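Every read-out reported here was derived from the displayed coordinates using simple, explicitly stated rules and does not represent laboratory data. Everything numeric in this text was worked out from a predicted model, so none of it was measured. Using ideal geometry, Cβ is built from the backbone for each residue, glycine included, and neighbour counts are taken over all protein chains shown.
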Amino acid sequence: MPIKPSAVTACLLMRLAVLASGWLVQPLLAAAPTADQASQSVTSAPSDTALATLLARYRELHQHPELSRHESWTAAYLAGALRAQGMTVTEHLGHYRDGLAAEGVMAVLDNGPGPRILLRTELDALPVVEKTGLPYASQLRTMDDAGQTVGVAHACGHDIHITAVIGTVERLLAQRTQWHGTLMVVGQPAEEVLEDGARAMLADGVYDRFGRPDVVLAMHDVSDIAAGAVGVVSGPFKSSATDIDIVMRGIGGHGAKPEQTKDPVLMAGELIVLLQGIVSRQNNPQEAAVITVGKVSGGTKRNIIPEEVRLEISMRSFREEQRLAMIEAIRRTANGVAIAAGVPEDRLPVVTVSGYIPVTVNDAAIANRFRTVAQAEFGADHLVETRPSMASEDFGAWSLPDHSVPVFCFWLGASDPAKVQESERTGVPLPATHSPQFAPVAEPTLRTGVQALTALTLSLFEQWPERLAHRSGHGTGLPVSVAPSPSAGR
Ligand SMILES: [Zn+2]
Ligand SMILES: [Zn+2]
C-alpha cells in the first residue's frame, strides 16, 4: 500500500505532541481531526471483533497448557498465527543443555528502515492442578520429566502473553503504513526452567541469524494490579536467581552411638540457621538479598545417622559482586560447620552452583516512554509505579551478559479491580501466579495488554529515544526495597 506522506506526517506529529506533552493534550487534538487524520490515525486498542477472536484464542491456549521443554503444540500455534499475519517464521530453535531440541519460535517482518523491535512471549505452563473453577480451566494431566503424572496449567499466565503478542502483531500489521522498522517476535520455551529457554535460543545464535534487536519488550501479568491498569519500574526489575546445591557429608552409623559418627542431619540444621546470618550480618542491609533453603533431603530411618544430607537453595540478589560474595559466604559457612563437627577433609561439603539467571534491568529511557504512552492510553490513574521484585525470570538474558541490548518488561494488571481493593483493605493477598487459583480476568486484561504493547511499540518505531540511558543500574548501588512488590516470576 502506498504511503501518503502528508497524512503520515500529520499523524506522526499528532502522536509526538501527545507523547511530548502527556495525555492532557490528547483531547484537544482529538477534538478536531482532519479527514485524513481520522482515516489514518493509529489506534492501539483492538476492536471488539478482534478482541472476541483473541478471547477465543486465549481460552484455546489455556486449555492446551504444556510443561517447560515440551511446548510443541503451543509453539506451532504461535508460529501459525504469526505466519498468517505475513511474518517470516522459523520454528524449533535452540537446544537444551541435555541435547533435547527446544521449541523456540522467531518471527520477523521487515517494514523498511527503522528500529528493530523484538516482542518476547514465553510459551510454557506449570505442573499445577488448576483449581480456578473457570469453564475453560485446564483438565489436563501429563507426565513430567521425572516420569510422574502431574496436572498442567497456565498458572503463570503465559497464555495471556502469547495472545496479547498475537493481538499486538495484528494491530501493528493492520497499520503498517504508519511505521517503519523491523518487527520481531520470539516465542520462548522453558521460561520456568532456570537458565534454559532464553539461553537455548541465544546459544543457537538467534541474534546472529535473525538480527540483533535494538530493544526487547515483554509484559508479565500480575495479581496485585487491577485488570485495565499496568505497572512500571525503571532500572532493576527482577532479581537474579542462583540455584545452589549443598551435600553435607558425614559419617553414618547407629542412631544410639552418635560418638562414632559425624551427623550430617545436625550439620544441615545448623547450616540452615547460619545461612540466614549471611543475609542479615554479611550482606549490606542497603542491598536486598534472599537465601531460601527450599528442599532438605537425607536419611532412611529414625535410628540411623545417614552418610549425607542434601540442601537445595534459591538465592536472590541484584548486584553481581554481591551475588559472588554470597556464594562464597555459603561455601565458607558450609565448610565451617563441617570442620566444627570434625568431619575429615575428604568428607567436606560439596557446594555446587547448579543454575543462574541474571538480573532483569528495565531500560530507563524505555520505561519513561512507557509511562507517557500508558498515561495517554489509559490515564494516569491506571499506571502503577512498582518496586523491584525478588522473583526472577530469564527475560534479562535477552539483554546479553553485558546488558548491551536494552530490555523492558511491564506489569499487566490481571485481577478484578474490586478484589484488588478488597485485598488492599484486608491485607489478604489474591491468588498470585503459580497458585492453582490464579485466574486472570481475561477481559480487560487482554485488551489492556494488546493496547499497551502496541502503543509502546508504535511509539518507539515512530520516535526512537535519541539517547537511550546507559543501563548504569547494573553493578552500582541498586534499590533495596523490602516493601511489597509484585510477585509474578519464578
Ligand atoms: Zn511467568
Ligand atoms: Zn512463572
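Annotations for the structure displayed:
- Nearest 10 degrees, 0 to 90: helix 320-340 Cα axis against the chain principal axis: 20
- For the chain, the relative contact order is 22 percent, taking Cα pairs closer than 8 Å that sit 6 or more residues apart in sequence and dividing their mean separation by the residue count.
- 3J(HN,Hα) from dihedral phi, the stretch 306-316, Karplus parametrisation 6.51/-1.76/1.60, rounded to Hz, x for glycine, proline: x, 6, 7, 10, 9, 10, 10, 10, 10, 10, 10
- Taking a point 7 Å from the Cα of ARG212 along the Cα-to-Cβ direction, the residues of the stretch 99-122 with backbone N closer than 19 Å to it are 114-120.
- Extension gain, LYS131 to ALA256, is 40.4 nm, computed as 0.36 nm per intervening residue step minus the present C-alpha separation.
- DSSP bridge orientation in the chain - percent antiparallel, rounded to nearest 5: 70
- Selection from GLY114, ALA226, HIS70, by position along the positive dipole direction of the chain (Cβ): ALA226
- A simple charge model with +1 on the Cβ of Lys and Arg, -1 on the Cβ of Asp and Glu and nothing else charged puts the dipole of the chain at about 440 debye relative to its Cα centre.
- Label-to-label distance, nm, for residues given as GLU60 and ALA380 (7 Å Cα→Cβ offset): 4.2
- Annotation: aspartates and glutamates with alpha-carbon distance below 12 angstrom to LYS262 (same-chain offsets under eight excluded): GLU307, GLU308.
- Compared with the dominant Cα axis of the chain, that is its longest principal axis, helix 72-84 is turned about 20°.
- Note on GLU443 and ASP145: with the Förster distance fixed at 25 Å, the Cβ-Cβ geometry gives a FRET efficiency of about 0.10.
- Taking 7 Å steps out from each Cα toward its Cβ at SER404 and THR177 produces label points 3.9 nm apart.
- Eligible lysines near LYS257 by straight Cα distance, threshold 18 Å, same-chain separation 8 or greater: LYS301
- Estimated [θ] at 222 nm from DSSP helical runs (n ≥ 4, -39500 (n - 2.57)) normalised by residues in the chain, nearest 500: -11000 deg cm²/dmol
- The chain: angle of helix 5-21 to the longest principal axis, Cα-based, in degrees nearest 10: 50
- Two-site FRET efficiency, THR88 against ALA52, from Cβ-Cβ distance with R₀ of 25 Å, rounded to 0.05: 0.35
- Net charge, GLU170 excluded, C-beta distance under 12 Å - Lys, Arg +1, Asp, Glu -1: +3
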